[in-house]
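Asks: A single structure is presented below for examination.
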Amino acid sequence: MFQTLRDERSQLEVFDQEAEVFTWDAHNGRVFALRRRKGDNVLLCISNFSDNPEPVRFAYFVGTYTDCFTGRKVEPGTGFVLQPLECLWLEN
């Protein structure tokens, strides 16, 4: 798993040392979110630290985003459910 994370990270410009990084309010104490941006590239990293499915919604992120690992498509602006202990790296 860590090799997959490292490989994916090395291919994404948003992990450049000069990228902007912000925590993002998930409005859910069991979910942690980061927004990374470099130029026009944006990545929303979301982690569910709960043993339960957790609903999330990020009104700022409009449109369809795709998870870098699974290809799962979600619309953060309208909301979706994170599965227990799920982590998504969402690109638009």
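The values are calculated or read from the model by the stated rules, or taken from the named source; none is laboratory data. All values reported here derive from a predicted model rather than from experimental measurement. Every residue, glycine as well, gets a Cβ built from its backbone with ideal geometry; the counts of neighbours run over all protein chains shown. Note: accessible area is taken over every heavy atom of the protein model, side chains too, but ligands, DNA and RNA are not part of it. Shrake-Rupley method; radii C 1.70, N 1.55, O 1.52, S 1.80 Å.
Asks: Can you name the residue in the range 1-38 that is within 17 Å of F80 (Cβ to Cβ) and more than 14 Å from the chain's Cα centre (by Cα) and, of all such residues, is modelled with the highest pLDDT?
Replies: Ranking the candidates gives R30 first.
Asks: Is it true that some residue in the range 70-90 is of a type in the set (A, V, I, L, M, F, W, C), on the phi < 0 side of the Ramachandran plot and touching a Phe, Trp or Tyr at 6+ places or on another chain (Cβ under 6 Å)?
Replies: The answer is yes; a qualifying residue exists.
Asks: Among the strands (runs of 3 or more DSSP E) lying completely within the range 8-71, list those that include at least 2 residues that are loosely packed, with under 15 Cβ neighbours inside 10 Å and touching a residue at least 12 places away in the same chain (Cβ under 8 Å).
Replies: Because the criterion is at least 2 residues that are loosely packed, with under 15 Cβ neighbours inside 10 Å and touching a residue at least 12 places away in the same chain (Cβ under 8 Å), the strands (runs of 3 or more DSSP E) in the range 8-71 that meet it are 20-24.
Asks: Return yes or no: is N41 of a type outside the set (A, V, I, L, M) and at pLDDT 90 or above?
Replies: The answer is no for N41.
Asks: So which residues in the range 72-88 are open to solvent by 30 Å² or more (accessible area, probe 1.4 Å) and in a strand (DSSP E or B), if there are any at all?
Replies: K73, V81, C87
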